[in-house]
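Only one structure is covered here, and it is reproduced in the block below.
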Amino acid sequence: MNRKQKIVMRVAIGVVLAAFVASCGPSRKDRLRADETALAMNAFRSLEKIQAATEAGVNYQKYGELLIEARALVNETQLLLSDQDLKKKFESVIDAYMAASKVWSEKVKDFNEIYCVEEPYITMVTKYSLPVHKDKYGTYFEANSAIQIIWAQASIELLLAGAQVQQKLKSNK
């Protein structure tokens with residue numbers, strides 16, 4: 001076998017080996033599914049951190065930091081995740097945490113009674129079934145109880161999202 005034939009033979013063997021190695025690894029579909037699951041798990045964990053903080057006790061500043069981190073991960077998940085139902089659940093949870101933050105920001109300004117005269121407060125009353133009160137100035141809800149109610153609803157949605165993420169993990173094995 002001359003030198004040219006040896007080179008051709010080595011290249012051919014290399015191509016066959018490369019094809020064999022590529023076929024032995026995970027398929028593109030499997031890699032994408034694993035990437036989606038990892039992405040969903042990261043978003044879930046960031047939302048879980050907020051839930052844990054609300055249960056343990058968190059200050060307004062730390063809550064805001066956790067919310068920024070979670071919002072960024074949920075945004076990334078929304079762009080790349082194909083599971084529409086899980087996307088909706090993540091969005092529902094982050095929306096609730098954002099709503100609680102909005103109410104908390106009013107409370108920080110010393111407004112414990114939030115009047116339902118503008119958005120997003122009008123929608124919050126219906127969306128989160130907040131108890132309202134009336135006085136001579138109008139209809140309002142109490143910030144402290146609203147925050148707790150919204151967090152409780154976020155926790156329920158997070159549990160549902162967590163079950164779906166667990167299902168994704170099982171289906172990837």
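The values are calculated or read from the model by the stated rules, or taken from the named source; none is laboratory data. These numbers were taken from a predicted model, which means no experiment stands behind them. Please note: Cβ atoms are built from the backbone with ideal geometry, for glycine as well, and neighbour counts cover all protein chains shown.
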Residue count, region 76-101 (criterion: surrounded by 14 or more Cβ atoms within 10 Å (Cβ to Cβ) and not hydrophobic (A, V, I, L, M, F, W, C)): 10
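Results for (1) of a type in the set (A, V, I, L, M); (2) modelled with pLDDT of 90 or more, shown as yes or no for each residue.
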site	(1), (2)
ARG3	no, no
VAL8	yes, no
GLY25	no, no
GLU36	no, no
LEU47	yes, yes
GLN51	no, yes
LYS62	no, yes
VAL93	yes, yes
ALA99	yes, yes
Residue under evaluation GLY162, criteria (1) assigned to a helix (DSSP H, G or I); (2) exposed (fewer than 12 other Cβ atoms within 10 Å of the Cβ); (3) of a type in the set (Gly, Ala, Ser), criterion not met: (2)
Search result, residues across region 77-91 that are polar (S, T, N, Q) and touching a residue at least 24 places away in the same chain (Cβ under 8 Å): THR77, SER82
Failed item, numbered, when LYS173 is tested on (1) in a loop (DSSP other than H, G, I, E, B); (2) at pLDDT 95 or above; (3) over 15 Å from GLU106 (Cβ atoms): (2)
Residue among VAL165, VAL132 that alone is among the β-branched types (Val, Ile, Thr) and without any contact (Cβ under 8 Å) to a residue 60 or more places away in the chain: VAL132
Out of TYR128, TYR60, sole residue that is loosely packed, with under 14 Cβ neighbours inside 10 Å and over 14 Å from the mean Cα position of the chain (by Cα): TYR60
Identity of the residue in region 80-123, within 22 Å of the chain's Cα centre (by Cα) and among the β-branched types (Val, Ile, Thr), that ends up nearest to LEU160 (Cα to Cα): VAL93
